[in-house]
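Below is one structure, written out as C-alpha coordinates; the observations come after it.
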Number of protein chains: 2
Amino acid sequence: MSNDENKGARLSRQRETILDELRKVKTHPTADEVYDMVRKILPRISLGTVYRNLDFLSGRGVVLRLGGAGTQKRFDGNPAAHPHLRCSVCGRVDDLEWPLALPELPVEQSMGYSRLRCDVEFVGVCPMCAGRDS
Amino acid sequence: MSNDENKGARLSRQRETILDELRKVKTHPTADEVYDMVRKILPRISLGTVYRNLDFLSGRGVVLRLGGAGTQKRFDGNPAAHPHLRCSVCGRVDDLEWPLALPELPVEQSMGYSRLRCDVEFVGVCPMCAGRDS
DNA sequence: TCCATTACTAGTAATAATTCTCAGCAACCA
DNA sequence: TGGTTGCTGAGAATTATTACTAGTAATGGA
(Lines give C-alpha, C1' and ligand atoms only; values in the text may rest on other atoms or scores of the structure.)
Protein backbone atom coordinates (compact mmCIF):
# COMPACT_ATOMS: atom_id res chain seq x y z
CA MET A 1 0.00 0.00 0.00
CA SER A 2 2.64 2.58 -0.81
CA ASN A 3 3.16 2.83 -4.54
CA ASP A 4 2.28 5.67 -6.90
CA GLU A 5 -1.30 4.59 -7.45
CA ASN A 6 -2.12 5.25 -3.86
CA LYS A 7 -0.68 8.71 -3.83
CA GLY A 8 -2.83 10.89 -1.64
CA ALA A 9 -4.80 8.01 -0.20
CA ARG A 10 -5.06 8.08 3.55
CA LEU A 11 -5.38 5.19 5.91
CA SER A 12 -8.20 6.43 8.08
CA ARG A 13 -9.16 4.67 11.24
CA GLN A 14 -12.29 3.39 9.49
CA ARG A 15 -10.42 2.04 6.49
CA GLU A 16 -7.81 0.40 8.64
CA THR A 17 -10.38 -1.24 10.89
CA ILE A 18 -12.36 -2.59 7.95
CA LEU A 19 -9.23 -4.13 6.49
CA ASP A 20 -8.13 -5.57 9.85
CA GLU A 21 -11.48 -7.15 10.57
CA LEU A 22 -11.77 -8.58 7.10
CA ARG A 23 -8.34 -10.16 7.38
CA LYS A 24 -9.19 -11.63 10.74
CA VAL A 25 -11.99 -13.88 9.59
CA LYS A 26 -12.09 -16.90 7.32
CA THR A 27 -15.73 -16.45 6.43
CA HIS A 28 -16.32 -14.27 3.43
CA PRO A 29 -18.60 -11.61 4.81
CA THR A 30 -21.07 -9.48 2.90
CA ALA A 31 -20.88 -5.71 3.18
CA ASP A 32 -23.35 -5.57 6.02
CA GLU A 33 -21.67 -8.38 7.89
CA VAL A 34 -18.50 -6.31 7.69
CA TYR A 35 -20.57 -3.36 8.90
CA ASP A 36 -21.67 -5.36 11.94
CA MET A 37 -18.13 -6.50 12.70
CA VAL A 38 -16.65 -3.04 12.42
CA ARG A 39 -19.45 -1.41 14.36
CA LYS A 40 -18.33 -3.28 17.46
CA ILE A 41 -15.12 -1.25 17.29
CA LEU A 42 -16.32 2.00 15.72
CA PRO A 43 -19.97 2.23 16.68
CA ARG A 44 -20.56 5.41 14.71
CA ILE A 45 -19.31 4.17 11.35
CA SER A 46 -21.86 4.31 8.57
CA LEU A 47 -22.77 1.61 6.08
CA GLY A 48 -21.86 3.93 3.24
CA THR A 49 -18.33 4.19 4.56
CA VAL A 50 -18.08 0.42 4.65
CA TYR A 51 -19.18 0.16 1.04
CA ARG A 52 -16.90 2.99 0.00
CA ASN A 53 -13.87 1.40 1.59
CA LEU A 54 -14.57 -2.13 0.45
CA ASP A 55 -14.78 -0.67 -3.00
CA PHE A 56 -11.57 1.25 -2.53
CA LEU A 57 -9.71 -1.77 -1.18
CA SER A 58 -10.92 -4.18 -3.82
CA GLY A 59 -10.14 -1.65 -6.53
CA ARG A 60 -6.55 -1.60 -5.28
CA GLY A 61 -6.42 -5.38 -5.13
CA VAL A 62 -5.91 -5.39 -1.38
CA VAL A 63 -9.02 -7.48 -0.83
CA LEU A 64 -11.09 -9.60 -3.18
CA ARG A 65 -14.67 -8.88 -4.16
CA LEU A 66 -16.46 -12.13 -4.86
CA GLY A 67 -19.23 -11.67 -7.35
CA GLY A 68 -20.53 -15.17 -7.37
CA ALA A 69 -23.94 -16.65 -7.78
CA GLY A 70 -25.56 -15.06 -4.72
CA THR A 71 -27.43 -11.83 -4.56
CA GLN A 72 -25.02 -10.02 -2.27
CA LYS A 73 -21.35 -9.59 -2.90
CA ARG A 74 -18.88 -11.08 -0.48
CA PHE A 75 -15.40 -9.95 0.42
CA ASP A 76 -12.22 -11.89 1.06
CA GLY A 77 -9.27 -10.50 3.01
CA ASN A 78 -6.93 -12.73 1.05
CA PRO A 79 -6.40 -11.16 -2.36
CA ALA A 80 -4.59 -14.13 -3.92
CA ALA A 81 -6.75 -16.00 -6.42
CA HIS A 82 -7.95 -19.23 -4.86
CA PRO A 83 -10.96 -21.47 -5.39
CA HIS A 84 -14.14 -21.17 -3.35
CA LEU A 85 -17.04 -23.34 -2.37
CA ARG A 86 -20.42 -21.62 -2.39
CA CYS A 87 -23.68 -22.88 -0.96
CA SER A 88 -26.50 -22.22 -3.38
CA VAL A 89 -29.04 -22.34 -0.56
CA CYS A 90 -27.69 -20.04 2.15
CA GLY A 91 -25.06 -18.28 0.07
CA ARG A 92 -22.20 -18.95 2.44
CA VAL A 93 -18.72 -19.18 0.95
CA ASP A 94 -15.79 -21.29 2.16
CA ASP A 95 -12.23 -21.48 1.03
CA LEU A 96 -11.43 -24.75 -0.64
CA GLU A 97 -8.72 -26.46 1.41
CA TRP A 98 -7.24 -28.22 -1.53
CA PRO A 99 -4.35 -26.94 -3.61
CA LEU A 100 -6.17 -26.95 -6.91
CA ALA A 101 -4.02 -25.50 -9.65
CA LEU A 102 -5.97 -22.68 -11.28
CA PRO A 103 -6.24 -23.12 -15.01
CA GLU A 104 -3.92 -20.86 -17.00
CA LEU A 105 -5.29 -19.29 -20.15
CA PRO A 106 -2.85 -18.95 -23.06
CA VAL A 107 -2.82 -15.42 -24.49
CA GLU A 108 -3.86 -16.65 -27.92
CA GLN A 109 -7.02 -18.08 -26.37
CA SER A 110 -7.95 -14.99 -24.45
CA MET A 111 -10.08 -13.52 -27.24
CA GLY A 112 -8.55 -10.10 -26.83
CA TYR A 113 -9.23 -9.83 -23.13
CA SER A 114 -6.40 -8.43 -21.05
CA ARG A 115 -5.41 -8.49 -17.42
CA LEU A 116 -7.16 -11.78 -16.81
CA ARG A 117 -7.49 -13.49 -13.54
CA CYS A 118 -9.26 -16.76 -12.93
CA ASP A 119 -12.19 -17.30 -10.58
CA VAL A 120 -13.07 -20.87 -9.76
CA GLU A 121 -16.16 -21.49 -7.71
CA PHE A 122 -17.72 -24.81 -6.86
CA VAL A 123 -21.42 -24.31 -6.26
CA GLY A 124 -23.39 -26.85 -4.27
CA VAL A 125 -25.27 -27.43 -1.05
CA CYS A 126 -23.39 -27.02 2.21
CA PRO A 127 -23.65 -29.63 4.99
CA MET A 128 -25.90 -27.44 7.13
CA CYS A 129 -28.40 -26.78 4.37
CA ALA A 130 -28.29 -30.41 3.20
CA GLY A 131 -29.20 -31.48 6.73
CA ARG A 132 -32.13 -29.13 7.01
CA ASP A 133 -34.19 -30.59 4.20
CA SER A 134 -33.00 -32.79 1.37
CA MET B 1 -38.74 -30.99 -20.28
CA SER B 2 -41.09 -33.90 -19.59
CA ASN B 3 -40.17 -35.69 -16.40
CA ASP B 4 -42.05 -35.88 -13.10
CA GLU B 5 -40.64 -32.66 -11.75
CA ASN B 6 -42.36 -30.70 -14.45
CA LYS B 7 -45.77 -32.22 -13.82
CA GLY B 8 -48.36 -29.56 -14.35
CA ALA B 9 -45.96 -27.12 -15.87
CA ARG B 10 -47.18 -25.56 -19.05
CA LEU B 11 -45.20 -24.25 -21.95
CA SER B 12 -46.88 -20.92 -22.41
CA ARG B 13 -46.20 -18.80 -25.43
CA GLN B 14 -44.23 -16.43 -23.21
CA ARG B 15 -42.12 -19.16 -21.66
CA GLU B 16 -41.44 -20.76 -25.01
CA THR B 17 -40.44 -17.47 -26.60
CA ILE B 18 -38.08 -16.60 -23.78
CA LEU B 19 -36.36 -19.96 -24.10
CA ASP B 20 -36.16 -19.71 -27.88
CA GLU B 21 -34.69 -16.24 -27.86
CA LEU B 22 -32.19 -17.13 -25.19
CA ARG B 23 -31.02 -20.14 -27.16
CA LYS B 24 -30.69 -18.08 -30.29
CA VAL B 25 -28.00 -15.74 -29.02
CA LYS B 26 -24.42 -16.28 -27.99
CA THR B 27 -24.31 -13.21 -25.79
CA HIS B 28 -25.32 -13.84 -22.23
CA PRO B 29 -28.13 -11.39 -21.77
CA THR B 30 -29.35 -9.87 -18.54
CA ALA B 31 -33.00 -10.17 -17.62
CA ASP B 32 -33.89 -6.88 -19.20
CA GLU B 33 -31.98 -7.62 -22.34
CA VAL B 34 -34.08 -10.76 -22.61
CA TYR B 35 -37.11 -8.56 -21.97
CA ASP B 36 -36.14 -6.36 -24.91
CA MET B 37 -35.55 -9.33 -27.20
CA VAL B 38 -38.83 -10.99 -26.33
CA ARG B 39 -40.81 -7.77 -26.51
CA LYS B 40 -40.12 -7.62 -30.24
CA ILE B 41 -42.20 -10.78 -30.55
CA LEU B 42 -44.66 -10.39 -27.68
CA PRO B 43 -44.95 -6.66 -27.16
CA ARG B 44 -47.27 -6.96 -24.20
CA ILE B 45 -45.09 -9.26 -22.08
CA SER B 46 -44.14 -7.87 -18.71
CA LEU B 47 -40.72 -7.76 -17.10
CA GLY B 48 -42.04 -9.76 -14.17
CA THR B 49 -42.96 -12.60 -16.50
CA VAL B 50 -39.45 -12.61 -17.90
CA TYR B 51 -37.96 -12.84 -14.42
CA ARG B 52 -40.43 -15.51 -13.36
CA ASN B 53 -39.68 -17.67 -16.36
CA LEU B 54 -35.93 -17.23 -16.27
CA ASP B 55 -36.16 -18.33 -12.68
CA PHE B 56 -38.35 -21.28 -13.60
CA LEU B 57 -36.06 -22.35 -16.42
CA SER B 58 -32.84 -22.03 -14.46
CA GLY B 59 -34.43 -23.88 -11.55
CA ARG B 60 -35.08 -26.80 -13.89
CA GLY B 61 -31.56 -26.61 -15.29
CA VAL B 62 -32.82 -25.76 -18.76
CA VAL B 63 -30.83 -22.55 -18.83
CA LEU B 64 -27.93 -21.31 -16.73
CA ARG B 65 -28.03 -18.37 -14.39
CA LEU B 66 -24.62 -16.75 -14.21
CA GLY B 67 -24.01 -15.01 -10.95
CA GLY B 68 -20.65 -13.56 -11.70
CA ALA B 69 -18.87 -10.44 -10.66
CA GLY B 70 -21.28 -7.97 -12.21
CA THR B 71 -24.26 -6.39 -10.58
CA GLN B 72 -26.88 -7.96 -12.83
CA LYS B 73 -27.33 -11.64 -13.41
CA ARG B 74 -26.90 -13.03 -16.87
CA PHE B 75 -28.48 -16.03 -18.50
CA ASP B 76 -27.07 -18.66 -20.81
CA GLY B 77 -29.21 -20.80 -23.10
CA ASN B 78 -26.61 -23.55 -22.93
CA PRO B 79 -27.00 -25.33 -19.59
CA ALA B 80 -23.79 -27.37 -19.82
CA ALA B 81 -21.06 -26.11 -17.50
CA HIS B 82 -18.46 -24.26 -19.52
CA PRO B 83 -15.96 -21.52 -18.77
CA HIS B 84 -16.72 -17.85 -19.39
CA LEU B 85 -14.81 -14.66 -19.97
CA ARG B 86 -16.18 -11.61 -18.20
CA CYS B 87 -15.28 -7.98 -18.74
CA SER B 88 -14.91 -6.23 -15.42
CA VAL B 89 -15.57 -2.87 -17.03
CA CYS B 90 -18.72 -3.31 -19.11
CA GLY B 91 -19.86 -6.59 -17.61
CA ARG B 92 -20.22 -8.41 -20.88
CA VAL B 93 -19.72 -12.18 -20.89
CA ASP B 94 -18.34 -14.37 -23.67
CA ASP B 95 -18.01 -18.10 -23.98
CA LEU B 96 -14.44 -19.22 -23.89
CA GLU B 97 -13.69 -20.92 -27.19
CA TRP B 98 -11.14 -23.24 -25.74
CA PRO B 99 -11.82 -26.74 -24.51
CA LEU B 100 -10.61 -26.18 -20.99
CA ALA B 101 -11.21 -29.22 -18.82
CA LEU B 102 -13.17 -28.14 -15.76
CA PRO B 103 -11.44 -29.15 -12.56
CA GLU B 104 -13.00 -32.13 -10.83
CA LEU B 105 -13.27 -32.04 -7.06
CA PRO B 106 -12.72 -35.34 -5.23
CA VAL B 107 -15.51 -36.08 -2.75
CA GLU B 108 -13.10 -36.18 0.16
CA GLN B 109 -12.09 -32.60 -0.61
CA SER B 110 -15.59 -31.28 -0.90
CA MET B 111 -15.88 -30.30 2.79
CA GLY B 112 -19.32 -31.82 3.10
CA TYR B 113 -20.81 -29.94 0.19
CA SER B 114 -23.02 -31.98 -2.09
CA ARG B 115 -24.30 -31.68 -5.64
CA LEU B 116 -21.32 -29.63 -6.71
CA ARG B 117 -20.85 -28.08 -10.06
CA CYS B 118 -17.92 -26.00 -11.14
CA ASP B 119 -18.00 -22.43 -12.37
CA VAL B 120 -14.90 -21.10 -14.02
CA GLU B 121 -14.80 -17.46 -14.97
CA PHE B 122 -11.87 -15.50 -16.30
CA VAL B 123 -12.29 -11.86 -15.38
CA GLY B 124 -10.46 -9.17 -17.30
CA VAL B 125 -10.88 -6.24 -19.63
CA CYS B 126 -12.48 -6.87 -23.01
CA PRO B 127 -10.94 -5.50 -26.22
CA MET B 128 -13.58 -2.79 -26.56
CA CYS B 129 -13.09 -1.46 -23.06
CA ALA B 130 -9.32 -1.76 -23.30
CA GLY B 131 -9.41 0.39 -26.43
CA ARG B 132 -11.53 3.12 -24.87
CA ASP B 133 -9.09 4.14 -22.15
CA SER B 134 -6.08 2.23 -20.89
C1' DT C 1 -69.98 -30.50 -22.07
C1' DC C 2 -69.66 -28.02 -17.76
C1' DC C 3 -67.34 -26.78 -13.84
C1' DA C 4 -63.63 -26.64 -10.50
C1' DT C 5 -58.83 -26.40 -10.19
C1' DT C 6 -54.50 -24.92 -11.36
C1' DA C 7 -50.82 -22.46 -14.05
C1' DC C 8 -49.96 -18.58 -15.83
C1' DT C 9 -50.16 -13.58 -17.13
C1' DA C 10 -49.81 -8.14 -17.04
C1' DG C 11 -49.38 -4.51 -14.21
C1' DT C 12 -47.81 -2.56 -10.31
C1' DA C 13 -46.14 -2.19 -5.52
C1' DA C 14 -42.58 -3.50 -2.44
C1' DT C 15 -38.00 -4.88 -1.07
C1' DA C 16 -33.03 -5.32 -0.91
C1' DA C 17 -28.50 -4.11 -2.09
C1' DT C 18 -25.76 -0.65 -3.44
C1' DT C 19 -24.43 3.97 -4.86
C1' DC C 20 -24.77 8.90 -4.65
C1' DT C 21 -25.05 13.51 -2.53
C1' DC C 22 -23.83 16.84 0.64
C1' DA C 23 -22.15 19.40 4.43
C1' DG C 24 -18.64 19.18 7.86
C1' DC C 25 -14.13 17.65 9.73
C1' DA C 26 -9.18 16.42 9.57
C1' DA C 27 -4.72 15.64 7.50
C1' DC C 28 -1.40 17.55 4.58
C1' DC C 29 1.17 21.13 2.01
C1' DA C 30 2.78 25.71 0.54
C1' DT D 1 -2.00 29.86 8.72
C1' DG D 2 -4.94 29.11 5.20
C1' DG D 3 -6.23 26.50 1.21
C1' DT D 4 -6.77 22.05 -0.86
C1' DT D 5 -8.03 17.47 -0.77
C1' DG D 6 -9.56 13.01 1.24
C1' DC D 7 -12.60 11.17 4.10
C1' DT D 8 -16.75 10.76 7.00
C1' DG D 9 -21.87 10.11 8.70
C1' DA D 10 -26.42 10.58 7.47
C1' DG D 11 -29.75 9.92 4.58
C1' DA D 12 -31.79 10.21 -0.17
C1' DA D 13 -31.80 8.01 -4.62
C1' DT D 14 -31.18 4.34 -7.80
C1' DT D 15 -31.21 -0.28 -9.62
C1' DA D 16 -32.25 -5.02 -9.90
C1' DT D 17 -35.27 -8.24 -8.41
C1' DT D 18 -39.29 -10.27 -6.13
C1' DA D 19 -44.02 -10.27 -4.41
C1' DC D 20 -48.84 -9.26 -4.84
C1' DT D 21 -53.27 -9.00 -7.17
C1' DA D 22 -56.94 -9.71 -10.13
C1' DG D 23 -57.95 -11.63 -14.30
C1' DT D 24 -57.45 -15.28 -18.14
C1' DA D 25 -56.59 -19.70 -20.20
C1' DA D 26 -55.47 -24.63 -20.19
C1' DT D 27 -56.67 -29.04 -17.96
C1' DG D 28 -59.06 -32.89 -15.90
C1' DG D 29 -62.64 -35.10 -14.09
C1' DA D 30 -68.00 -35.67 -13.42
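The values are calculated or read from the model by the stated rules, or taken from the named source; none is laboratory data. For clarity, every value in this text was computed on a predicted model and none was experimentally measured. Cβ placement follows ideal geometry from the backbone for every residue including glycine, while neighbour counts extend to all protein chains displayed. Ligands, DNA and RNA are excluded from the accessible area calculation, which covers all protein heavy atoms including side chains. Shrake-Rupley method; radii C 1.70, N 1.55, O 1.52, S 1.80 Å.
Points worth noting:
- Protein-protein interface of the range A:40-82, residues with accessible area decrease of at least 20 Å², isolated chain reference, 1.4 Å probe: A:G67, A:G68, A:A69, A:K73
- Of A:K73/B:K24; A:K26/A:K73; A:K40/B:K73, pairs whose Cα-Cα distance is over 25 Å: A:K73/B:K24; A:K40/B:K73
- Spin-label model, A:T71/A:R115: points 7 Å from Cα along the beta carbon direction are separated by 3.1 nm.
- Accessible surface, per residue, of the protein assembly as shown when the full set of protein chains is kept, probe 1.4 Å, Å²: 58
- Each copy carries B:N78; placing its label point 7 Å along the C-beta direction from Cα gives inter-copy distances of 3.3 nm, listed from smallest up.
- Rounded to the nearest whole Hz, the Karplus-based 3J(HN,Hα) values (6.51 cos²θ - 1.76 cosθ + 1.60, θ = phi - 60°) of the range B:34-40 follow the sequence 4, 3, 4, 4, 6, 5, 5, with x at glycine and proline.
- Distances from A:E104 to itself in the other copies, using label points 7 Å out along the Cα-Cβ axis, amount to 2.3 nm in increasing order.
- Modelled FRET efficiency - R0 51 Å, A:D20 with B:V25, Cβ distances, 0.05 increments: 0.65
- Remark: chain A carries a charge dipole of roughly 640 debye about the Cα centre, counting +1 on each Lys and Arg Cβ and -1 on each Asp and Glu Cβ.
- Distances from A:F56 to itself in the other copies, using label points 7 Å out along the Cα-Cβ axis, amount to 4.8 nm in increasing order.
- Among the GluC sites (Glu not before Pro) in the range B:73-111, those placed in a DSSP loop whose Cβ has at most 11 other Cβ atoms within 10 Å are B:E97, B:E104.
- For trypsin sites (Lys or Arg not before Pro), the sites in the range B:1-82 that DSSP calls loop and that have at most 13 other Cβ atoms within 10 Å are B:K7, B:R10, B:K26, B:K40, B:R44.
- Computed from the Cβ-Cβ distance with R0 of 35 Å, the FRET efficiency linking A:L100 to B:A80 stands at 0.95.
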